[in-house]
Amino acid sequence: MTGSLSKPKGTLACLTEEHAEIDREVHRLEEALFKLRYEGKNSLGKNLKELHETLEFFETNLVSHMALEEDVLFPFFRRHVPKLESLILLLGSEHENLKKDLDRMKVFLADFSRRRTSPPGEALERLKEKGMYFVYLLRSHLHVEGESVYRAIEKELRRDEKKELVRRIELYAGQR
Ligand SMILES: [Fe+2]
Ligand SMILES: [Fe+2]
């Protein structure tokens, strides 16, 4: 996703668009978990594939989005908008939890796929539980981040600071 940062609409608008894209995928994951639980054996293969695809999306796009925030956005705001310091610490620890949850879901999915002949098994319950937790945590994370750090880009940064932030993001994206 950070590869799309050079679009003409602007670097900062692209970042917000990444949030919208992640949000759509959260919805897709929620639906996949629901279907996996209620649609039964006939749709099992299809639903497992759907779940697998959403996890792949998060592993690639969410992880790189969070890396950009951790490496560029968060340090920049800690320096330029010190009142956001403790919130940024919280957002950073949520990133760690999201990454851990993603790993756990992959393990549960592999576990469940191996024993797919006897759903709903214990692995399915664990997968669903961890998946729903991930959905809620990520939704809340996007919301809080949007209302704090992302809003502060418009409300708190001076024109030259904003320009400097854009320059750093583009430099970072170009190095990937
Ligand atoms: Fe984040
Ligand atoms: Fe974000």
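Where a number appears in this text, it was derived from the coordinates with a stated rule and is not lab data. Please read these numbers as outputs of a predicted model, since none were measured by experiment.
Separation of the alpha carbons by more than 23 angstrom is noted, of Lys99/Lys130; Lys83/Lys130; Lys49/Lys128, for Lys83/Lys130. Using C-alpha pairs under 8 Å with a sequence gap of at least 6, the mean separation divided by the residue count of the chain gives a relative contact order of 33 percent. If the chain linking Lys41 and Arg158 were pulled fully straight, counting 0.36 nm for each residue of separation and taking away their Cα-Cα distance, it would gain 36.4 nm. Dividing the summed -39500 (n - 2.57) terms of all DSSP H runs of n ≥ 4 by the residue count of the chain sets its mean residue ellipticity at 222 nm at -24500 deg cm²/dmol.
Relative to the dominant Cα principal axis of the chain, helix 85-114 is inclined by about 20°. Mean projected area of the convex hull spanned by the Cα atoms of the chain, taken over all viewing directions: 10.4 nm².
By the rule of a C-alpha distance below 14 Å, with chain neighbours fewer than 8 residues away ignored, the aspartates and glutamates paired with Lys162 are Glu154, Glu170.
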